[in-house]
Structures are given as C-alpha cells and as structure tokens.
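All remarks here apply to the structure that follows.
Laboratory data are not the source of any read-out in this text; all were calculated from the coordinates shown. From a predicted model like this one, the values you see are computed outputs, not experimental measurements. All Cβ positions, even for glycine, are placed from backbone atoms using ideal geometry, and neighbour counts span all protein chains on display.
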Amino acid sequence: MLSQARVYMLAADHRWQWEEWCDARQVPRARIGDAKRVAFDGFLLARERSPEVHEFGALLVDAQYAAPVVADALKAGLDVGTPAEKAGAFPLAWSTEPFADALTGAFVKVLVRYRPDDDDAIREGQWAKLDALQHWCRGAGKPLVVEILVARRGEPEDEFEAVGRPGMLAGFIAEAYRRALTPEFWKIEGTLSREGARIIDLAVAANAACRQIILGKAAEIATIGRWFAAAADSPTAAGFAIGRSVFWEPSAAFLSGTRTADRAAADVAAHYLQLVDVWQQSRI
C-alpha cells in the first residue's frame with residue numbers, strides 16, 4: 001500500500017506517446033508491451049539494490065499494453081497502480097468501463113487537464129467523473145492519485161511557472177476539497193519557485209489526509225532536482241511520480257535494437273536510483 005511518508009513512483013503508464021513513437025518508426029504497437037517490461041525489470045533491479053525503493057517504491061503501468069506486467073507485479077506483492085483516463089483525452093474520458101476491467105492494480109491514477117477559464121460544462125463534467133471514480137475507489141479499497149496538468153495559454157512564461165500555474169493548481173485543489181474530492185495523493189507539476197511550492201503546499205495541507213508527489217514532464221534530472229529543492233520545505237511533498245526521465249531513452253534504444261533488454265533495464269534502474277538520491281539530498 002502506498003505510504004504517506006514517502007513514495008518513489010516509477011510512472012510507466014504512457015500510451016499515446018509510445019503509439020506516436022512506434023508509428024513514426026514503423027515499429028508495431030505490439031512492441032509497446034516490451035518497453036513496459038523493460039521499465040518493470042528496471043524497477044525490480046532498483047528494488048533489489050535499494051532498501052528505500054524496496055520500502056517506498058511504486059510502479060504505475062497501464063493494463064492496455066502491459067496487463068502481464070500488472071499481473072506479475074501484483075503476484076510479487078508490489079505497489080502497482082493503473083491509470084483510469086483515456087490516454088490524451090480532453091475532457092476527461094475513461095480508458096475502459098466498467099472500472100474493474102481497467103483498474104486492476106492496487107491503486108488508481110487519473111490525469112485531468114484543467115484551466116479555470118475552461119468552459120463551465122467541461123469543468124463540471126470532469127468534476128462529476130472524478131467524483132464517480134473516487135466513489136468506486138473507496139468501495140474497492142484502492143488509493144486514488146489525481147494528476148493535474150495546467151497548460152499555459154499566453155501568460156508570460158516565467159511568471160506562469162513561478163506563481164501562475166501554482167495558483168491555478170491551488171484553486172483546483174481547494175475546489176476539489178469543497179466538493180469532497182480528497183485523493184490520497186495529488187500528482188503535481190514541479191516549480192522552480194519556492195513561493196510557488198509554498199502556494200501548492202498550503203493548498204494540499206488544507207486536508208491533513210492528503211499528500212503531493214511531483215511529476216517529471218520528461219525533464220532532465222538536474223531540472224527535476226531543482227523542483228525537489230524548491231519543495232524542500234513543503235511538509236505535504238512526499239516524493240515523486242516520474243517516468244520518461246527514467247525509462248524513455250533506455251526503452252526506446254531497446255525497441256530500436258541498439259540496446260539489449262538487460263542493458264536497458266539496468267539503465268532504467270540507474271536513472272531511477274539517481275532520482276531517489278536526488279530526492280533524499282533535497283531533504284537534507
């Protein structure tokens with residue numbers, strides 16, 4: 001079960017990104033499952049090498065392309081979760097219904113795209129879907145992770161990254177709490193701004209049962225380290241949920257035939273463990 005104290009999540013539930021990559025290179029989409037297996041094997045290697053990952057590591061992977069990975073992870077007693085959303089969809093739509101057919105993991109993640117200036121009908125429709133998902137998760141005994149992505153629409157980039165996006169995230173979280181949406185974890189875009197991190201932390205902390213984990217956006221590890229540092233004084237920041245920064249390059253090299261599966265998995269493990277070290281250094 002995900003720990004509120006710490007979460008080191010390897011997020012490997014990407015679907016449309018792999019579909020585009022495969023289609024552009026005439027690689028059969030059936031091979032996407034092989035890339036997921038590489039990420040899983042890398043996670044297992046890291047878990048063997050690190051007591052921290054053994055205790056706090058978690059894996060997020062989709063049933064669409066990696067149902068055997070989900071099954072193997074559950075059989076091994078790992079913290080493995082599955083995504084609820086249809087990949088790339090806006091407004092929010094489900095990958096499969098009923099939920100039980102797709103949400104076979106031990107926890108559930110849902111990605112929602114949000115702007116306060118979206119059409120009212122879109123926003124209300126998404127709130128209704130989130131409420132339904134939370135109700136199902138509570139009944140199924142599965143923790144819920146809500147990922148919020150806020151796009152920039154013409155705002156000055158530096159100001160938006162520092163306080164604009166954090167302010168919109170805080171507004172979404174406050175509205176969620178008002179509607180009794182209280183996921184165990186918010187999956188949040190990082191910021192380089194300590195003020196931005198403070199805004200997010202205060203919003204999450206309005207419900208003592210909730211925590212936040214920082215997502216990666218395929219950024220370089222050095223950049224992610226700066227996000228971790230900005231959130232160093234945030235009591236609600238419990239870890240990360242990062243994927244492409246860890247597994248994309250090794251897995252793509254494997255699918256391209258320039259790296260063996262074992263070598264690719266070892267590289268995934270090394271990148272993942274590096275992120276764990278960067279997180280721990282940011283807490284000192």
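Here are a few things to note about the model shown:
- Some residue of region 249-262 being in contact with a Phe, Trp or Tyr (Cβ under 7 Å, 6 or more places away or on another chain) and on the phi > 0 side of the Ramachandran plot: no
- Within region 100-135, considering residues that are among the aromatic types (Phe, Trp, Tyr) and in contact with a strand residue (DSSP E or B) (Cβ under 8 Å, 6 or more places away or on another chain), the one nearest to Ala73 (Cα to Cα): Phe107
- Verdict on Gly33 being more than 19 Å from the chain's Cα centre (by Cα) and either over 28 Å from Leu130 (Cβ atoms) or of a type in the set (D, E, K, R) (or both): no
- Checking Ile188, Ile200, Ile214 one by one, the residue that is surrounded by 16 or more Cβ atoms within 10 Å (Cβ to Cβ), part of a helix (DSSP H, G or I) and free of Cβ contacts under 8 Å to residues at least 60 places away in the same chain is Ile200 and no other.
- Scope region 265-284; condition buried (at least 16 other Cβ atoms within 10 Å of the Cβ) and charged (D, E, K, R); matching residues: Asp267
- Among the candidates Phe228, Phe240, residue that is buried (at least 18 other Cβ atoms within 10 Å of the Cβ) and in a helix (DSSP H, G or I): Phe228
- Scanning region 83-135 for residues that are under 19 Å from Val150 (Cβ atoms) and assigned to a strand (DSSP E or B) yields Pro83, Glu85, Lys109, Val110, Leu111, Val112, Arg113.
- Number of positions in region 271-284 that are under 18 Å from Lys36 (Cα atoms) and either charged (D, E, K, R) or without any contact (Cβ under 8 Å) to a residue 12 or more places away in the chain (or both): 0
- Checklist (1) free of Cβ contacts under 8 Å to residues at least 40 places away in the same chain; (2) crowded, with 17+ Cβ neighbours inside 10 Å applied to Val146, failing item: (1)
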